[in-house]
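Below: one structure, written as structure tokens.
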């Protein structure tokens, strides 16, 4: 399942990516381009814009009701199950797939305290951002298990 988020949902797009969802997000895209990409790439539109959600070409959409991130995420997780691959499979910045790094590769890429406490590391194949399982990731995993 693939998504495209409109300009009002950047924080939701980033959080969903960390949970493993494939979410295209570009705040500069006008509504017509969001619609075109959704149709062309078979993506579900995530929007807070009632005008966009009511357009005939936007038949596959989820109108996000809240302006609070946690409520938005809860609405998405109620409508769509979290991907089976789990957290940290996509980059929160560019949506690129992540690949595992071993401790030696991560040594020069993460702070010393992270190297001392984290056991697993990932890097984005698109932008190069490095990730590790900190408390924020464990909290998201627990939230997904409750949904």
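Observations
- Residue that is in contact (Cβ under 8 Å) with a residue 60 or more places away in the chain and either under 27 Å from residue 131 (Cα atoms) or not assigned by TED's automatic domain parsing to the domain that holds residue 131 (or both), where the choices are 90, 55, 36, 107: 90
- Taking the listed residues 9, 88, the one that is modelled with pLDDT under 95, buried (at least 21 other Cβ atoms within 10 Å of the Cβ) and under 28 Å from residue 123 (Cα atoms) is 88, with no other qualifying.
- Test: residue in the range 4-22 that is free of Cβ contacts under 8 Å to residues at least 24 places away in the same chain and within 30 Å of residue 130 (Cβ to Cβ): yes
- Selection within the range 16-38: residues that are assigned to a loop (DSSP other than H, G, I, E, B) and closer than 16 Å to residue 48 by Cα. The member of this set that is farthest from the chain's Cα centre (by Cα) is 30.
- Taking the range 58-80 as the range and being farther than 20 Å from residue 41 by Cα and touching a residue at least 60 places away in the same chain (Cβ under 8 Å) as the test, the residues that pass are 72, 73, 74, 77, 78.
- Filter pass, residue 114 being at pLDDT below 95 and either in contact with a strand residue (DSSP E or B) (Cβ under 8 Å, 6 or more places away or on another chain) or surrounded by 11 or more Cβ atoms within 10 Å (Cβ to Cβ) (or both): yes
The values are calculated or read from the model by the stated rules, or taken from the named source; none is laboratory data. All values reported here derive from a predicted model rather than from experimental measurement. Don't worry about glycine lacking a Cβ; one is built from the backbone with ideal geometry, like all the others, and counts go over all protein chains shown.
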